[in-house]
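The values are calculated or read from the model by the stated rules, or taken from the named source; none is laboratory data. What you see is a predicted model, and the numbers here were worked out from it, not measured in a lab. Every residue, glycine among them, receives a Cβ derived from its backbone with ideal geometry; neighbour counts consider all protein chains shown.
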């Protein structure tokens with residue numbers, strides 16, 4: 001444990017990496033404020049999981065249509081400039097939302113512009129992390145990157161829930177604007193982050209090289225397995241976001257304004273435990289993915305069985321639901337850290353913007369499909385049965401990864 005702490009402290013002594021980490025954390029927290037504002041407004045007015053699914057689609061669709069261009073830009077132009085422009089752009093978008101002062105009606109179309117800007121920020125910042133550390137520090141850097149993304153969202157959502165509860169929805173937008181402006185200012189402190197040193201590189205030749213890089217990835221089964229895992233986790237998260245407001249209102253009687261106060265601290269505990277678990281020296285990345293899926297699936301199946309039994313009161317249900325939320329944070333972050341580490345170890349720096357851009361496109365597809373599917377399956381099966389089936393599928397997936405890790409030794 002002492003060595004792990006020393007590795008983290010060593011990375012934080014890297015000024016540029018620390019600045020990038022702060023920019024990512026603040027930006028994710030700001031996105032969480034906007035997201036909670038949208039979800040709570042929509043669910044409060046519709047009371048429907050399908051309404052929440054519409055919100056999920058509003059931030060998944062921009063990624064699908066614009067991430068390919070964003071990834072290409074991140075591998076051609078200075079990633080520092082992309083990060084700066086993206087941050088200032090989304091700050092202006094939130095400023096426009098505040099001008100209209102309608103958290104629901106005005107922010108729905110403007111949020112589309114927000115997530116377009118965010119689509120350019122993500123691949124640039126993802127690729128930039130590998131430029132600021134040595135190859136031997138990639139696992140620690142990736143765990144910090146994923147922990148920063150996750151904790152930014154989790155802590156942002158929890159803080160947003162508290163602020164919304166006491167001060168109302170409009171306050172969320174003001175905090176979001178302030179955080180984004182702060183992230184934009186910090187972005188100015190980053191060094192130049194050019195992806196390649198050659199000059200005069202034609203875009204056509206670059207695109208050809210990207211295509212050759214994807215052919216290389218597709219020819220290595222281990223690499224594309226992790227590529228799919230990283231994207232699939234995003235779909236599972238979208239699945240959970242869609243069902244969470246209705247689930248907690250039905251099972252515990254907590255409204256959409258109160259349930260985040262329970263959800264996000266427990267998920268945050270799971271994220272912290274998962275980040276520490278990912279550093280176990282004897283576990284390969286494939287085994288880590290198996291543990292991550294297994295934890296998620298086992299906790300979901302057990303909670304579904306508990307709900308179907310009908311023997312537990314709302315108060316007693318707090319224990320299995322709390323354990324489930326911790327497992328969600330643990331399983332998701334372990335899968336993300338492991339899969340992203342493999343990709344950054346095997347993909348050249350000059351192509352990582354494109355690769356992560358393509359990965360976000362696949363993530364958008366999974367999110368766009370799994371969110372409405374989740375709402376539909378819940379309407380047909382109910383929460384308990386859906387948890388049993390979904391948990392069983394993820395548990396089997398975890399066991400398959402454990403088997404592959406032992407059989408194929410990857």
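State whether the residues of the range 80-100 include one that is more than 19 Å from residue 361 (Cβ to Cβ) and either in contact with a strand residue (DSSP E or B) (Cβ under 6 Å, 6 or more places away or on another chain) or modelled with pLDDT under 75 (or both).
Taking the range 80-100 first, the residues more than 19 Å from residue 361 (Cβ to Cβ) are 80-81, 83-85, 87-100.
Cutting the leftovers down to either in contact with a strand residue (DSSP E or B) (Cβ under 6 Å, 6 or more places away or on another chain) or modelled with pLDDT under 75 (or both) gives us 100.
Within the range 80-100, one or more residues are more than 19 Å from residue 361 (Cβ to Cβ) and either in contact with a strand residue (DSSP E or B) (Cβ under 6 Å, 6 or more places away or on another chain) or modelled with pLDDT under 75 (or both).
May I ask you to say which residue of 92, 57 is surrounded by fewer than 24 Cβ atoms within 10 Å (Cβ to Cβ) and within 18 Å of residue 243 (Cβ to Cβ)? So that I can check it myself, show each step before the final result.
Numbers: 92 fails: within 18 Å of residue 243 (Cβ to Cβ).
It is 57.
Kindly provide the set of residues from the range 101-139 that are modelled with pLDDT under 65 and not in a helix (DSSP H, G or I), ordered by number.
101, 102, 103, 104, 105, 106, listed by residue number.
Of all residues in the range 266-291, count the ones that are under 24 Å from residue 158 (Cα atoms) and surrounded by 17 or more Cβ atoms within 10 Å (Cβ to Cβ). First the steps, then the outcome.
Going residue by residue through the range 266-291, those that are under 24 Å from residue 158 (Cα atoms) are 266-277.
Among the residues that remain, those that are also surrounded by 17 or more Cβ atoms within 10 Å (Cβ to Cβ) are: 266-268, 270-275, 277.
Adding up the residues that qualify gives 10.
Assess whether residue 343 counts as being more than 29 Å from residue 58 (Cα to Cα), at pLDDT below 90 and part of a helix (DSSP H, G or I). Full working, then the answer.
Details: more than 29 Å from residue 58 (Cα to Cα): no; at pLDDT below 90: yes; part of a helix (DSSP H, G or I): yes.
Taking the combined requirement at face value, the residue does not satisfy it.
What residue, among those in the range 294-316 that are within 17 Å of residue 244 (Cβ to Cβ) and at pLDDT 85 or above, is surrounded by the most Cβ atoms within 10 Å (Cβ to Cβ)?
So in the range 294-316, the residues within 17 Å of residue 244 (Cβ to Cβ) come out as 296, 299-300, 303-304, 307, 314.
So of that shortlist, the ones also at pLDDT 85 or above come out as 296, 299-300, 303-304, 307.
Working: 296: 29, 299: 25, 300: 26, 303: 23, 304: 24, 307: 23.
Within the range 294-316, the match that is surrounded by the most Cβ atoms within 10 Å (Cβ to Cβ) is 296.
Of the numbered conditions (1) assigned to a helix (DSSP H, G or I); (2) closer than 21 Å to residue 147 by Cβ; (3) at pLDDT below 80, residue 263 satisfies every one except a single condition; which is it?
Exception for residue 263: condition (3).
Check residue 229 against each of (1) at pLDDT 65 or above; (2) touching a helix residue (DSSP H, G or I) at 6+ places or on another chain (Cβ under 6 Å); (3) surrounded by fewer than 21 Cβ atoms within 10 Å (Cβ to Cβ) and name the one condition it does not meet.
Result: residue 229 passes all but (3).
Please give the number of the condition residue 279 fails out of (1) in a helix (DSSP H, G or I); (2) closer than 17 Å to residue 151 by Cβ.
(1)
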